[in-house]
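**Q** Before we start, here is the structure in question, set down as structure tokens.
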Amino acid sequence: MKTGIDAISFYVPSLYVPMQELAAKRDIPYEKLRRGLGLEKMAIPDVNEDAASFAANALLKLIQDNDLNPNKIGRIYLGTESAVDGSKPTATYAIEAVENMLAEKWGERSFKNCDVVDLTFACVGAVDAMHNCLDWVQNGEERKAVVIASDLSKYELHSTGEYTQGAGAVAVLITKEPALIAFDKTWGVATKSVGDFFKPRRFFNKQQLAKDLLEQFNKDYSEEELNEVIAKTNSGFWNEKNDLVELFKEEPVFDGQYSNQCYSDRVTEALEHFYEQRSTNYLEEWDYLVFHLPYAYHGRRIIFSNWLNWIRETGNIDTLTNEIGQPTDDIKSWERLASKSEMYRSFVNEKIEMGERASSFIGNMYTASIFMALLSLLRSGYNEGVDLTAKKIGFIAYGSGSKSKVFEGVVQKKWKEKIAKVPVFENLKIRAAVDVELYEKMHSRIQQTPVQQTTGVALSEIEENDTNTKGLRKYS
């Protein structure tokens, strides 16, 4: 019996930064970002939005658009690397908000018997969640699961990752006999522990922080005097008993070039693992390829070396050499020619390009980017009258740290009926632009009030007064 995605929904913040304006402020040629990376707009969350509110909005939309009974959903698994809590799952914040909104129609605590959890492995975490839920649905009767991918990518201002930022969530309903995508049971997996991208716990010495601050006022205190001043303060920060102050930042430590190489290596290994389980002619059997996209054109770049191997293995290398000539001793120059060849451009345009489009107007959604690429492909096909029925899609997922998963799915007969309810490009056109000055204030948390009036679920309060609930987040 087939198992897969029966319905899909999404949420993208209603604010964005035009890439042309950011490029001008950062003194980067806009065409380098637009034509080189495929970047046009960068989605940014309002100050009262986060991974929990994104997830809640996507989940609510999925339920309402498909008239789902939440009491019948047995699992809600969230993949995220933007958790709002170090212990309580981000998914629990999301379902509480949605339960409250559904209470009038479906009763109190409509997710009472629902298994809820977060899964984290950088950008592949939501694929892990879906892999798990597919098995659970397959091995039971009338089971329904929802997988949500929700994230915001945030990098230091002026860093090389800044212009790839994005935000949002995608939710999918997993059932037997799905209307959208049915997945094959073969999965290629490759894992290796590396430090290409991570969000470490950062520690600062409290006394040194105080000393550095006082030096700005030309004050010189001894260690004993500093300890006495710190001990007397009523501040919740300074009178913390630990000598070291722990700081969490959404901005990662990363090495872009190394991460690209890790992505390429893990994908190649995962493809090999997939092939070991089932001999596959990727060029001919996969009608489309869908990728995790750190930026819109990343997939077409990362798969190039594999494509070269595929055309060699299938005896098509002569077509390429007839176009650009035989390989030379300068193999890198020859490969650059191959990557710009008409043969490779045709491969990209036919099998990859429709899945890139949404990313150009959103940016990196971390766990949600591969699901948004799928949605981009399906909606583009729907809008342009392309019949995707029975087309086979190869999915190439990656999470830094690092792991890749490769799997495939087939588009089902009722896909148009389902995708008609998800106007992703139409919604992306009605967002509001934010200038770079305001974006920087929001990024640095100087801007404290929301830029726009909330129309969906948003963060309404962070508890401050009650000692037992201090820091607890409330959504409405």
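Quick grid of which residues meet (1) of a type in the set (Val, Ile, Thr); (2) over 23 Å from residue 122 (Cα atoms); (3) outside the structural domain of residue 186 (by TED's automatic domain parsing):
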position	(1), (2), (3)
336	no, yes, yes
347	no, yes, yes
368	no, no, no
371	no, no, no
381	no, yes, no
391	no, yes, no
412	no, yes, no
419	yes, yes, no
427	no, yes, no
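**Q** Looking at (1) over 29 Å from the mean Cα position of the chain (by Cα); (2) over 25 Å from residue 84 (Cα atoms), which one does residue 139 not meet, given that it meets all the others?
**A** (1)
**Q** For the range 8-24, how many residues meet the condition of being surrounded by fewer than 23 Cβ atoms within 10 Å (Cβ to Cβ) and over 17 Å from residue 44 (Cα atoms)?
**A** 1
**Q** Could you please give the count of residues in the range 108-158 that are surrounded by fewer than 20 Cβ atoms within 10 Å (Cβ to Cβ) and assigned to a strand (DSSP E or B)?
**A** 3
**Q** Restricting to the range 65-78, name every residue that is more than 14 Å from residue 145 (Cα to Cα) and surrounded by 24 or more Cβ atoms within 10 Å (Cβ to Cβ).
**A** Residues satisfying the conditions do not exist here.
Here's the yes/no breakdown for (1) assigned to a loop (DSSP other than H, G, I, E, B); (2) farther than 20 Å from residue 155 by Cβ:
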{"residue": "360", "(1), (2)": "no, no"}
{"residue": "375", "(1), (2)": "no, yes"}
{"residue": "388", "(1), (2)": "yes, yes"}
{"residue": "416", "(1), (2)": "no, yes"}
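**Q** Answer yes if at least one residue in the range 379-391 is surrounded by 20 or more Cβ atoms within 10 Å (Cβ to Cβ), under 21 Å from residue 81 (Cα atoms) and aliphatic (A, V, I, L, M), and no otherwise.
**A** no
**Q** Give the residues of the range 452-476 that are exposed (fewer than 13 other Cβ atoms within 10 Å of the Cβ), of a type outside the set (Gly, Ala, Ser) and either outside the structural domain of residue 11 (by TED's automatic domain parsing) or over 19 Å from residue 150 (Cα atoms) (or both), sorted by residue number.
**A** In the first step, residues of the range 452-476 are kept if they are exposed (fewer than 13 other Cβ atoms within 10 Å of the Cβ); the result is 453, 455, 461-462, 464-471.
Narrowing the set further to residues that are of a type outside the set (Gly, Ala, Ser) leaves 453, 455, 461-462, 464-470.
453, 461, 462, 464, 465, 466, 467, 468, 469, 470 - these are the residues of the range 452-476 that are exposed (fewer than 13 other Cβ atoms within 10 Å of the Cβ), of a type outside the set (Gly, Ala, Ser) and either outside the structural domain of residue 11 (by TED's automatic domain parsing) or over 19 Å from residue 150 (Cα atoms) (or both).
**Q** Just to be sure I understand, how many residues within the range 400-433 are buried (at least 17 other Cβ atoms within 10 Å of the Cβ), out of contact with any Leu (no Cβ under 7 Å at 6 or more places or on another chain) and under 26 Å from residue 15 (Cα atoms)?
**A** 1
**Q** Okay, next question. Would you mind finding the one in 102, 62 that is surrounded by 15 or more Cβ atoms within 10 Å (Cβ to Cβ) and without any contact (Cβ under 8 Å) to a residue 60 or more places away in the chain? Full working, then the answer.
**A** Numbers: 62 fails: without any contact (Cβ under 8 Å) to a residue 60 or more places away in the chain.
102 is the lone residue from the list that is surrounded by 15 or more Cβ atoms within 10 Å (Cβ to Cβ) and without any contact (Cβ under 8 Å) to a residue 60 or more places away in the chain.
**Q** Any residue at all in the range 187-194 that is out of contact with any helix residue (DSSP H, G or I) (no Cβ under 7 Å at 6 or more places or on another chain), β-branched (Val, Ile, Thr), surrounded by 13 or more Cβ atoms within 10 Å (Cβ to Cβ) and touching a residue at least 24 places away in the same chain (Cβ under 8 Å)?
**A** Yes: the range 187-194 contains one or more residues that are out of contact with any helix residue (DSSP H, G or I) (no Cβ under 7 Å at 6 or more places or on another chain), β-branched (Val, Ile, Thr), surrounded by 13 or more Cβ atoms within 10 Å (Cβ to Cβ) and touching a residue at least 24 places away in the same chain (Cβ under 8 Å).
**Q** Same structure, new question: Please pick out the residue among 221, 263 that is assigned by TED's automatic domain parsing to the domain that holds residue 8, of a type outside the set (S, T, N, Q), surrounded by 12 or more Cβ atoms within 10 Å (Cβ to Cβ) and out of contact with any Lys or Arg (no Cβ under 6 Å at 6 or more places or on another chain).
**A** On the way: 221 fails: assigned by TED's automatic domain parsing to the domain that holds residue 8.
None of the others qualify; the one that does is 263.
**Q** Could you list, in sequence order, all residues of the range 295-334 that are assigned to a loop (DSSP other than H, G, I, E, B) and in contact with a helix residue (DSSP H, G or I) (Cβ under 6 Å, 6 or more places away or on another chain)?
**A** Here is the first cut: in the range 295-334, the ones assigned to a loop (DSSP other than H, G, I, E, B) are 295-297, 303, 314-316, 325-330.
Answer for the range 295-334, where residues must be assigned to a loop (DSSP other than H, G, I, E, B) and in contact with a helix residue (DSSP H, G or I) (Cβ under 6 Å, 6 or more places away or on another chain): 295, 296, 297, 314, 327, 328.
**Q** Please work out if residue 91 is touching an Asp or Glu at 6+ places or on another chain (Cβ under 7 Å) and either within 19 Å of residue 133 (Cα to Cα) or not assigned by TED's automatic domain parsing to the domain that holds residue 393 (or both).
**A** Working: touching an Asp or Glu at 6+ places or on another chain (Cβ under 7 Å): yes; either within 19 Å of residue 133 (Cα to Cα) or not assigned by TED's automatic domain parsing to the domain that holds residue 393 (or both): yes.
When the stated conditions are applied, residue 91 passes them.
**Q** Do you know which of the residues in the range 189-230 that are aromatic (Phe, Trp, Tyr) and modelled with pLDDT of 80 or more is farthest from the chain's Cα centre (by Cα)? Before you say what the answer is, go through the steps one by one.
**A** Residues of the range 189-230 aromatic (Phe, Trp, Tyr): 197-198, 203-204, 217, 221.
The next check asks that each one be modelled with pLDDT of 80 or more; those that pass are 197-198, 203-204.
Values: 197: 14, 198: 15, 203: 27, 204: 30 Å.
Among residues in the range 189-230 that are aromatic (Phe, Trp, Tyr) and modelled with pLDDT of 80 or more, the one farthest from the chain's Cα centre (by Cα) is 204.
**Q** Here's another thing I want to ask about it. Kindly evaluate residue 398 against the criterion of being modelled with pLDDT of 95 or more and in contact with a helix residue (DSSP H, G or I) (Cβ under 7 Å, 6 or more places away or on another chain). Steps first, please.
**A** Details: modelled with pLDDT of 95 or more: yes; in contact with a helix residue (DSSP H, G or I) (Cβ under 7 Å, 6 or more places away or on another chain): yes.
The answer is yes for residue 398.
**Q** Out of 274, 291, 254, I need the residue that is surrounded by 15 or more Cβ atoms within 10 Å (Cβ to Cβ), at pLDDT below 95 and either touching a strand residue (DSSP E or B) at 6+ places or on another chain (Cβ under 7 Å) or in the same structural domain as residue 369 (by TED's automatic domain parsing) (or both). Which one? Steps first, please.
**A** Details: 274 fails: at pLDDT below 95; 291 fails: at pLDDT below 95.
Step by step, each of 274, 291, 254 is checked, and only 254 is surrounded by 15 or more Cβ atoms within 10 Å (Cβ to Cβ), at pLDDT below 95 and either touching a strand residue (DSSP E or B) at 6+ places or on another chain (Cβ under 7 Å) or in the same structural domain as residue 369 (by TED's automatic domain parsing) (or both).
The values are calculated or read from the model by the stated rules, or taken from the named source; none is laboratory data. Worth saying up front: this structure is predicted, and the values here are computed from it rather than measured. Neighbour counts are summed over all protein chains in view; Cβ atoms, including those assigned to glycine, are modelled from backbone coordinates with ideal geometry.
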